[in-house]
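In what follows, a structure is listed as structure tokens, so that the remarks can point back to it.
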Amino acid sequence: MSVASEIDNESEVAAGPEPLPLDAWHRDRGARMVEFAGYWMPVQYEGIIAEHLWTRESAGLFDVSHMGQLLVSGDQAEAALEALLPADLGSLELGALRYSLLLAEDGGILDDLIAARWPGGFYLVVNGATKWDDIAHLREHLPDEVTLNHLDDRALLALQGPKAFAALDRHASGEYALSGLTFMRGGRFDLAGCDAWISRSGYTGEDGFEISIPAEDAERVAELLCAEPEVKPIGLGARDSLRLEAGLPLYGHDLTDEIDPISAGLTFAISKSRRAEGGFPGAERILGLLEQGPERTRVGLMLEGRMAAREGAKVLSGNQEVGIVTSGGFSPSLERPIAMAYVDRELRSEGTTLAVEMRGKRLDARVTPLPFVSHRYHR
């Protein structure tokens, strides 16, 4: 499918939610389906808290096929992408992944993404809610010599949790062992007879894998993995509570085109060489913020009581509004409400006492380092 036809399909996506390759499979397992990013997606099966804790203790299988899988190729692909991302792609080895950002000219974040070096090009995974805008942006800014392919014939699954390796290792084979993958490394594997790109990465803070496979093989692979005693299917609700505990931002909430990488606490996404050389959208503003510091910054908040703070809630210091909550909810692991918020930079220190205004109530809160629950990546 050409990029032009993909953009034309945007109106079809907007017309109503589309089914993903595993739609019937989810429904057969009793999933409660909701509309998200233009698709029908499972929000839960047996319950968000149970699914969350299962993933932390064992292994959960997530259907993330709504994400955009793109391939950028051509002799000029590396230079062309470096003109749009603040990443040093030249140092990216074959099979290596890097977290990066698609930036606007003013330094605002258009999307966050994962870039991996593949033979002959770069594999990008972008957010499902923004993928059509991302494709349009890339199409506009990439030179004619660079090819952009939307891999819409592939599904994307995420197997996450401390027992994910044991379950997947029984079925994946390749030129090297699955155990050879460390965090943010990937490669091609044979997964039960299908061609799979498997990377050791994810969005839960746990060890785990993201698995790109032909859409036609998705049901067979999902069935195979969920037949393992360690694995259960997990919905969108637990994915959100897991990423919140892990302190991972969600585009459209904690990240927007009005938020810059420095305020968002994503300085690590600006490669060292790019800080010295610039040459990416918004570089002047972003490098200035690196020196001067942002007015507000993203922090974690631990709340007292049982009421959760939600997106849009005001953060107060005394009676003065000093910030806003961008993500909030109940932490099943910590058994208390937590939130991420942007607050005035002088209030970002650990232990700072604040309050959140929620439904006319004042909830006591204190600034807490992110992540709330330690990452357990396999490095």
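All of the numbers you see were taken from the coordinates with simple rules; none came from a lab. None of the values given here were measured: they were computed from a predicted structure. Ideal geometry is used to build each Cβ from the backbone, glycine not excepted, and the neighbour counts take in all protein chains shown.
Could you point to the residue in Pro21, Pro214, Phe183 farthest towards the positive end of the chain's charge dipole, with +1 and -1 charges on the Cβ of Lys/Arg and Asp/Glu respectively?
Phe183
Given the Cα-Cα distance of Glu284 and Glu175 and 0.36 nm per residue of separation, how much length would full extension add, in nm?
34.8 nm
Within the chain, what percent of beta bridges assigned by DSSP are antiparallel, to the nearest 5?
Just about 95 percent of them are antiparallel.
For Phe36 and Ile49 in one chain, what is 0.36 nm times their gap in residues minus the Cα-Cα distance, to one decimal in nm?
2.7 nm
Assign unit charges at the C-beta atoms only (+1 for Lys and Arg, -1 for Asp and Glu), then state the dipole size of the chain relative to its Cα centre in Debye, rounded to the nearest 20.
1660 debye
Can you give the extra length, in nm with one decimal, that the chain gains between Asn319 and Ser73 once fully stretched, where that is 0.36 nm per residue apart less the Cα-Cα distance?
Answer, rounded to one decimal: 83.2 nm.
Just want to confirm a number: the relative contact order over the chain, from Cα pairs under 8 angstrom separated by 6+ residues, in percent.
18 percent
What fraction, in whole percent, of alpha-carbon pairs in the stretch 259-379 exceed 20 Å separation?
For the stretch 259-379, the share of Cα pairs beyond 20 Å comes to 47 percent.
Over all alpha-carbon pairs of the chain, lay out the pair-distance distribution in 20 Å bins, whole %, shortest bin first.
Percent of Cα pairs in each bin: 28, 60, 13, 0.
Could you list Phe268, Phe122 in order of exposure, starting from the residue whose Cβ has the fewest other Cβ atoms within 10 Å?
By the 10 Å Cβ count, ascending, the order reads Phe268, Phe122.
For the residues Met184, Met67, what sequence is obtained by ranking on other C-beta atoms within 10 Å, fewest first?
Ascending number of Cβ neighbours within 10 Å: Met184, Met67.
Specify the inter-centroid distance of the stretch 238-255 and the stretch 16-75, based on alpha-carbon positions, in whole Å.
Taking the Cα centre of the stretch 16-75 as reference, the centre of the stretch 238-255 is 15 Å away.
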